[in-house]
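Q: First the structure, which I've put down as structure tokens, then a few questions once you've had a look.
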Amino acid sequence: MGPPPKESPVLRISKADYDLIRWEAEHCYPYECCGIILGTLEDGQRMVTMTLKCENARTDAAHHRYSIHPDQLVAALKLARSRSESIIGFYHSHPDCPPRYSTTDLTEAHWFGCSYVITSVDGGRASATDSYMLVGTEDRKKFLAEEIEVIVNGETARAAL
Ligand SMILES: [Zn+2]
């Protein structure tokens, strides 16, 4: 994708999708949930249109790792294309850990320009949800903190960072 934006990026999401991501984080506790985020890119605005819950393919360390099966990723790409949309991000949870990305999260992230949304779950309850955009190149990549703009009936309800 293009060069990293100069200003802090923003991910716009409906309250329904936002709540669903957080519910899944709670539901999967004490394991990590994970999923794919479809959306549109218009006038530099990134808007979530759909979230796709994925099975956490990590059976060895599912309480602090996640991975999405490649077949499910391909299926999601096809779905996005059929809707004239794109994969604009991924989400997962951090059971009993802050919503800050881990070194592993950065190492295993390869979708530049995509959002990586992380929900912290404390004792089974979703607390903070943060998002980072992957920028740079494979050998020099980093996560840029981005704002999550929650939309209710077309209006911004809450902005979280
Ligand atoms: Zn993580």
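Q: Among the residues of segment 86-108, how many are over 22 Å from Leu144 (Cβ atoms) and in a loop (DSSP other than H, G, I, E, B)?
A: Restricting attention to segment 86-108, the residues satisfying the condition of being over 22 Å from Leu144 (Cβ atoms) are 95-96.
Narrowing the set further to residues that are in a loop (DSSP other than H, G, I, E, B) leaves 96.
So the answer is 1.
Q: Another question about this same structure. Would you please name the residue that is nearest to the ligand (Cβ to nearest atom), looking only at residues in segment 64-85 that are buried (at least 19 other Cβ atoms within 10 Å of the Cβ) and in a helix (DSSP H, G or I)?
A: Result: Ala76.
Q: Restricting to segment 112-141, name every residue that is within 15 Å of the chain's Cα centre (by Cα) and farther than 24 Å from Ala16 by Cβ.
A: Correct list: Phe112, Gly113, Leu134, Val135.
Q: Somewhere in segment 1-16, is a residue in a strand (DSSP E or B), within 18 Å of Ala128 (Cα to Cα) and of a type in the set (Ser, Thr, Tyr)? Spell out the reasoning first.
A: Of all residues in segment 1-16, those in a strand (DSSP E or B) come to 10-14.
This time we only want the ones that are within 18 Å of Ala128 (Cα to Cα), so: 10-14.
Now narrow it down to the ones that are of a type in the set (Ser, Thr, Tyr): 14.
The answer is yes, given that some residue of segment 1-16 is in a strand (DSSP E or B), within 18 Å of Ala128 (Cα to Cα) and of a type in the set (Ser, Thr, Tyr).
Q: Looking only at residues in segment 86-107 that are touching a Lys or Arg at 6+ places or on another chain (Cβ under 8 Å) and of a type in the set (Val, Ile, Thr), which one is farthest from Val10 (Cα to Cα)?
A: That would be Thr104.
Q: From Ala61, Ala145, which residue is surrounded by fewer than 18 Cβ atoms within 10 Å (Cβ to Cβ), within 12 Å of the ligand (Cβ to nearest atom) and of a type in the set (A, V, I, L, M, F, W, C)? It would help to see each step written out before you state the result.
A: Working: Ala145 fails: within 12 Å of the ligand (Cβ to nearest atom).
After ruling out the rest, the residue left standing is Ala61.
Q: When residues of segment 109-142 are filtered for being surrounded by 12 or more Cβ atoms within 10 Å (Cβ to Cβ) and either of a type in the set (Gly, Ala, Ser) or modelled with pLDDT under 95 (or both), how many remain?
A: Our first condition is that a residue be surrounded by 12 or more Cβ atoms within 10 Å (Cβ to Cβ); within segment 109-142, this holds for 109, 111-122, 124, 126-136, 141-142.
Among the residues that remain, those that are also either of a type in the set (Gly, Ala, Ser) or modelled with pLDDT under 95 (or both) are: 109, 113, 115, 120, 124, 126-128, 131, 136.
Number satisfying all stated conditions: 10.
Q: Being in contact with an Asp or Glu (Cβ under 7 Å, 6 or more places away or on another chain), modelled with pLDDT of 95 or more and under 14 Å from Val150 (Cβ atoms) narrows it down to one residue among Arg12, Arg22; which is it?
A: Working: Arg22 fails: in contact with an Asp or Glu (Cβ under 7 Å, 6 or more places away or on another chain).
None of the others qualify; the one that does is Arg12.
Q: Here's a follow-up. Quick one: is Gly113 out of contact with any His (no Cβ under 9 Å at 6 or more places or on another chain) and within 19 Å of Val48 (Cα to Cα)?
A: Values: out of contact with any His (no Cβ under 9 Å at 6 or more places or on another chain): yes; within 19 Å of Val48 (Cα to Cα): yes.
It is true that Gly113 is out of contact with any His (no Cβ under 9 Å at 6 or more places or on another chain) and within 19 Å of Val48 (Cα to Cα).
Q: Hey, another quick one. Of everything in segment 86-108 that's within 16 Å of the ligand (Cβ to nearest atom) and of a type in the set (Gly, Ala, Ser), which residue is surrounded by the most Cβ atoms within 10 Å (Cβ to Cβ)?
A: Restricting attention to segment 86-108, the residues satisfying the condition of being within 16 Å of the ligand (Cβ to nearest atom) are 89-108.
Filter again for of a type in the set (Gly, Ala, Ser), leaving 89, 93, 102.
Values: Gly89: 26, Ser93: 29, Ser102: 14.
Looking at the filtered set, the residue picked out is Ser93.
The values are calculated or read from the model by the stated rules, or taken from the named source; none is laboratory data. The model shown is predicted, which means the values in this text are computed figures rather than measured ones. A quick note on method: Cβ atoms are made from the backbone with ideal geometry, for glycine too, and the neighbour counts reach across all protein chains shown.
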